[in-house]
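Scroll down for the structure; my scribbles are underneath it.
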């Protein structure tokens, strides 16, 4: 299902064509994901599958697989395990030169195969990691942002601690001063906001710099305090959800006037689809039927990468949202945190 709606009163985005030789810089914590097969099989087999993850790295990986210039910035200890991981990222054509070496440990999390990061089953082991120990002034943002036209982060980083939130703000101010496009994924992880601050005390100050916002009506309410037009998707038709999404996006734009592109995902029981408001145009993606799910992790990151991909190359709203939704849907059928889909494989789903 695709469609356009010219009724929303949003300022049109810049018509300048993307500088396609300039990179997207993704900033966030690199993580080791331990994915045990429950029922004590991980004990009996003395084995746990391990994946390299992190929301922003998942975005960077997708963009690199789609042959976009991409850089990745995180903090890691300077030891052989870090360098093994970075060699793997370099083999995917991700520029890891902005990585900052400090601290003693790499963050990790445990999640059974097939489970969701919003599920009670997720166990975070990120305290005292190199990234969690970052403080303002450590990263040279002028150097990290050199050669970039886009900066991407997510709400996961400022959820770690107050210093991480301050580092995000430092990066956003530097990116904004350089005139970069700035995108944010409003992903909410309740288990991470544990340092005495509520999301609404932190996130609005960061989102004010953003030109592209991805999430859904309920994450917008939780993280930014803007009440959703509806309480849940239960019992709602697609038309109801599209109407509510439009109202939510208009409210977002009124509070964050720099933002001109908004992407929402709907991962329901039986189908997966998305809505994009880009300037004055609204586009609704094809509905993808969910028949089975291999791994729920990284689907939203893949959708975010799809939005960046389409917006970066100046595609029309219908093409952008269809590609983003197809990519996010496709990730549900892959093991691990990051997608291995090619551009052609994503397009074949549309």
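Calculate, in nm to one decimal, what residue 104 and residue 127 gain on full extension: separation in residues at 0.36 nm each, minus their alpha carbon distance. Intermediate results must be reported in sequence, preceding the final value.
Working: separation 23, 0.36 × 23 = 8.28 nm, distance 1.12 nm.
Residue separation times 0.36 nm, minus the Cα-Cα distance, leaves 7.2 nm.
Efficiency by 1/(1 + (r/R0)^6): what FRET value for residue 87 and residue 255, r their Cβ-Cβ distance, R0 = 56 Å, to the nearest 0.05?
Working from the Cβ atoms, E equals 0.85.
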With an 8 Å cut-off on Cα pairs and a minimum separation of 6 or more residues, tell me the relative contact order of the range 23-348 in percent.
16 percent
Pairs of alpha-carbon atoms within less than 8 angstrom and 6+ residues apart define the contacts here; what relative contact order does the range 256-344 have, in percent?
28 percent
Between residue 173 and residue 198, with labels modelled 7 Å along Cα→Cβ, what's the label distance in nm to one decimal, could you check?
2.6 nm
For the range 20-64, averaging the sequence separation of alpha carbon pairs under 8 Å that lie six or more residues apart and dividing by its residue count, the contact order in percent is 47 percent
Quick calc, residue 231 & residue 333: beta-carbon distance into FRET formula, R0 30 Å, rounding 0.05, result 0.50
Shape of the chain from its Cα gyration tensor (a ≥ b ≥ c, root eigenvalues): rounded if a/c is under 1.5, otherwise prolate when a/b > b/c, or oblate?
rounded
Expected unfolding gain across residue 313-residue 205 under the 0.36 nm per residue rule, minus the alpha-carbon gap, is 36.0 nm
Could you please state, rounded to a whole Å, how far the C-alpha centre of the range 58-128 is from the C-alpha centre of the range 251-288?
27 Å
For the chain, percent of DSSP beta bridges that are antiparallel (nearest 5) comes out at 45 percent
For the pair residue 347 and residue 22, how long in nm is the line joining their label points, each one 7 Å along Cα→Cβ?
2.6 nm
Take the range 22-116, drop everything but the C-alpha atoms, weight them equally and run the Debye formula without solvent; then report log10 I(q)/I(0) at 0.13 Å⁻¹ to two decimals.
-0.49
Would any residue of the range 242-278 have its amide N under 13 Å from a label point 7 Å out along Cα→Cβ of residue 290? List them or say none.
265-274
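Read-outs throughout are calculated quantities, based only on the coordinates presented, and are distinct from any laboratory measurement. None of the values given here were measured: they were computed from a predicted structure. A quick note on method: Cβ atoms are made from the backbone with ideal geometry, for glycine too, and the neighbour counts reach across all protein chains shown.
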